[in-house]
Amino acid sequence: MSVLIPWVLGAGVILLLVLAAIFLWLRKPAPKTVTPVVPREELAQELAPPPQQPPAPQDTGRPKEPQLPATYGADRLVLLARDPHWLYAYWEISATRQEEFRATFGHEAWQASRPVLRLYDVTPGEPAPDYLEIAVQEGADNWHIHVGRPDHAFRAEFGRRLPDGRFVPLLVSNVATTPRASLSERTDEEWMWLEELYRAYLRTAAGASSPLLVEEMARRMGALPLTISSPPFTAAR
Amino acid sequence: MPKGYLLMVLHAHLPFVRHPEHEHFLEERWLFEALTECYLPLLKVFEGLVRDGVPFRLTVTLSPTLLSMLCDPLLQERYVAHLGRLLELAEREVHRTCGTPFHPVALMYRELFGECYRRYCYHYQRDLIASFRRLQEAGHLEIITTAATHGYLPLLMLQPQTVRAQIAIAVDTYRRHFGRTPPGFWLPECGYAPGLDDILKEFNLRYFFTDTHGVLFAAHRPRYNVFAPIFAPAGVAAFGRDVESSKQVWSAREGYPGDYDYREFYRDIGFDLDYEYIKPYIHPDGIRIQTGIKYYRITGPTDHKEPYVPEWACNKAAIHAGNFMFNRQHQVRYLAGVMDRPPVVVAPYDAELFGHWWFEGPRWLDFLCRKLAYDQDDLAMITASDYLAAFPCNQKTTPCASSWGNKGYHEVWLCAANDWIWRHLHWAGGRMQELARRHRGADGLLRRALNQAARELLLAQSSDWPFIMATGTAVAYAVRRFKEHIANFLRLDGEIKGGRIDEGFLAWLEHKNNVFPDLNYEVYAGG
């Protein structure tokens with residue numbers, strides 16, 4: 001046993017020397033790479049992170065943030081109007097529905113087909129059942145849709161387009177109506193629009209006393225609502 | 001008879017932030033700061049006006065979650081402790097600043113916090129709601145309500161029963177505190193969508209407020225622009241916000257609050273002073289936070305800031321009140337000339353603007369009420385109820401879906417930063433209705449679980465979470481709160497469905513998320 005001790009010690013010393021050499025070797029080039037760097041603030045922070053970062057306040061003593069399910073095992077397509085020009089749709093398809101699809105169109109049909117979102121303009125009084133088709137990304141479960149049609153009603157369909165071009169609808173949404181983006185053209189008989197009020201108000205708004213109205217509306221709407229879609233006013237001028 | 005009317009609304013709301021599980025919780029300070037800087041100073045203004053016999057008439061929303069927090073013993077206790085620490089700091093500051101230009105400001109804070117402490121503890125005995133109630137009963141304030149947890153109703157309208165529950169619980173909470181039916185309703189974020197008026201009508205709510213274009217872009221062009229209300233199809237009146245008066249107060253750039261003599265919000269000693277000195281008054285984990293003691297005035301568009309001078313700021317508040325009144329007089333005189341009835345100028349503001357962001361806001365309001373009462377005859381303050389009593393006949397048309405958020409529609413609550421919440425909210429909303437219909441008249445443990453599931457759903461529906469996610473500050477907290485409430489709901493849903501309710505977990509949730517203790521889940525059953 002006692003014979004082994006010098007060997008163990010010797011090995012330990014050699015090991016330490018090797019480690020020290022590696023350490024020094026690793027350290028040495030470091031200044032080289034750091035010095036030529038232009039002292040930009042972002043880079044400096046990246047290279048020299050603060051030695052001891054205090055734990056984030058939110059993490060101390062609190063339970064882990066819960067994870068919400070990505071799907072609820074339902075078949076649903078919901079359409080929401082975000083503003084006069086945009087809609088938002090989200091959807092999910094149950095495994096059962098996918099199985100039905102495969103059973104009908106063949107085992108490979110799901111992989112071979114592409115997801116499609118269809119948007120129908122269902123505004124009452126509109127002539128044709130005109131629709132917009134969007135090829136959404138495979139695996140996407142929501143989409144922001146630009147329609148650019150204020151005061152129109154829409155219904156969406158989600159489905160898959162087969163390689164032969166057929167569209168297979170799988171989900172149907174609720175109806176969502178985009179809000180108006182301007183003054184209404186409708187000035188019903190019972191309540192005549194008091195033209196004077198608007199005309200004079202615009203005059204002050206354009207003058208020195210209250211540019212606020214026009215400016216504020218312009219900022220919020222990206223347009224001057226009082227000057228658009230008001231033919232009586234334009235005519236009066 | 002005045003030439004026109006000014007309808008001012010102060011909308012007071014905070015999300016339900018109550019964390020019995022931690023002694024120091026950063027977000028609870030939202031309530032403490034609002035109490036010290038807004039609610040107590042505003043009450044002081046109102047009571048001062050009453051004391052001096054100044055006639056005034058204001059509309060105030062007290063949101064159901066705010067009412068719940070104001071009467072919560074744990075939060076009351078914590079607020080008193082918070083004020084105690086603040087007073088101690090103010091005292092130390094008075095000594096530290098001796099002989100510097102900051103000394104008068106330090107004295108001001110000591111006086112201010114001391115007064116808050118005395119009034120909160122002794123005068124109100126921690127019960128602010130009672131004093132709001134007295135002001136309403138004396139005819140100075142008209143207090144209205146808003147959705148139970150300030151849910152963003154236009155996007156919840158996919159399931160009208162969940163909107164009905166938000167309103168039913170709000171009306172119930174209001175009745176409990178004020179002993180009457182609320183006369184009107186503040187739509188959270190002024191978010192309107194056609195059909196909401198039908199539900200408001202069911203609860204005898206007679207009016208609501210929209211942003212300018214909510215009325216201006218109505219289905220039929222409104223005869224009087226936004227200077228008279230319109231009746232939504234259900235017969236509920238919609239009052240549209242006046243742009244000019246809003247902008248003068250709201251705009252950070254051109255509005256009054258940006259005046260160079262006013263207090264600078266962003267320079268707080270919580271960030272400016274030596275760490276070791278300020279440590280006992282910031283978060284125990286060493287996170288620097290706003291203490292409420294701020295020594296500088298806005299000074300100008302520079303980083304260099306000069307010390308705050310209370311007298312200068314007070315003078316400016318008086319000047320700005322006079323300017324606001326002058327502009328409104330000018331406005332109604334002009335409008336009265338082209339209208340065949342007196343115009344009503346609707347000026348709604350977040351109450352938290354007054355005192356918190358705009359430190360001098362309560363003073364400004366004080367000056368404004370006094371000037372309106374004594375310095376002119378063109379304008380009278382009015383409430384929506386008074387207006388509707390005087391002018392019961394109004395144009396009938398459907399308001400435009402809108403909000404007072406950025407860009408005027410629903411985008412703030414439905415954008416890339418928060419669109420993911422809606423699939424969970426709608427799912428949980430559907431499940432809650434299903435549970436309520438399936439378990440009508442439940443009792444015992446099942447009833448408790450159903451009621452708590454409803455509370456968790458309501459708390460998840462708060463418009464504050466998506467708003468915070470969209471604005472990018474305190475996002476982590478909002479995301480966590482949202483996920484926690486949905487996860488709690490889903491767990492309760494599963495336990496109810498499986499018939500195995502974990503009483504320990506339920507009791508913990510009842511203790512922690514104890515909003516609306518008298519809630520009845522059957523409000524989700526409908527019919």
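Results, tabulated for the structure shown:
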quantity	calculated
Exposure proxy order (Cβ contacts within 10 Å, fewest to most) of A:Asp164, A:Asp151, B:Asp211	A:Asp164, A:Asp151, B:Asp211
Candidate lysines - alpha carbon under 25 Å from B:Lys201, same-chain residues fewer than 8 apart omitted	B:Lys396
Rg ratio (alpha-carbon, reference 2.2 N^0.38 Å) - the stretch A:76-177	1.11
Potential extension, B:His283-B:Ala416 segment - 0.36 nm per residue separation minus Cα distance	44.7 nm
Label-point separation in nm, B:Val80 to B:Ser251, each point 7 Å along Cα→Cβ	4.6 nm
In Å, descending, principal axis extents of the Cα set of chain B	70, 66, 43
For the stretch B:386-442 and the stretch B:293-346, distance of Cα centres in Å	34 Å
P(r) tail fraction, the stretch B:16-86 - alpha-carbon pairs more than 16 Å apart, %	54 percent
Relative contact order, percent, chain B [alpha-carbon distance under 8 Å, six or more residues apart]	22 percent
Chain lengthening between B:Ala389 and B:Cys98 when straightened (0.36 nm per residue, less Cα-Cα)	99.0 nm
Amide proton proximity set for A:Leu170, modelled H, under 5 Å, gap of 5+	A:Phe158, A:Gly159, A:Arg160
Dipole magnitude (debye, nearest 20) for the stretch B:378-440, charges at Cβ of Lys, Arg, Asp, Glu	560 debye
Nearest-20 debye value, the stretch B:414-524 charge dipole, Cβ charges on Lys, Arg, Asp, Glu	200 debye
Placed amide H near B:Gly355: partners under 5 Å, 5+ positions off or other chain	B:Glu360, B:Gly361
Between the stretch B:104-131 and the stretch A:112-168, the alpha-carbon center distance in angstrom	59 Å
Computed label-point distance, nm, for sites A:Thr187 and A:Ala135 using a 7 Å Cα→Cβ extension	4.9 nm
Residues A:Ser113, B:Ser131, sorted so that the one with the fewest Cβ neighbours within 10 Å comes first	B:Ser131, A:Ser113
Those residues of the stretch B:95-120 whose amide nitrogen sits under 19 Å from the label point placed on B:Lys44, 7 Å along Cα→Cβ	B:103-120
Amide N proximity, the stretch B:105-128 versus B:Glu306 label position 7 Å along Cα-to-Cβ, cut-off under 18 Å	B:105-106
5 angstrom amide H check on B:Val344, placed H, neighbours 5+ away	B:Tyr5, B:Ala228
Fewest-first sequence of B:Tyr409, B:Tyr207 by Cβ atoms within 10 Å of each Cβ	B:Tyr207, B:Tyr409
Entries of A:Lys64/B:Lys497; B:Lys44/B:Lys371; B:Lys44/B:Lys305; B:Lys44/B:Lys294; B:Lys247/B:Lys316 with Cα pairs more than 23 Å apart	A:Lys64/B:Lys497; B:Lys44/B:Lys305
Gained length - B:Phe25 relative to B:Arg440, 0.36 nm times residue gap less alpha-carbon distance	145.6 nm
Calculated FRET efficiency for the pair A:Asp164/B:Asp127, C-beta based, R₀ 56 Å, to 0.05	0.15
Approximate spin-label separation B:Glu88-A:Arg114, in nm, with each point projected 7 Å along Cα-to-Cβ	6.8 nm
FRET E, pair B:Cys314, B:Asp518, Förster distance 51 Å, beta-carbon r, rounded to 0.05	0.70
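A short reminder: the numbers here are calculations on the coordinates, not readings from a lab. Quick caveat: nothing in here was measured; it's all calculated off a predicted structure. Positions of Cβ are backbone-derived with ideal geometry, glycine not excepted, and every protein chain shown enters the neighbour counts.
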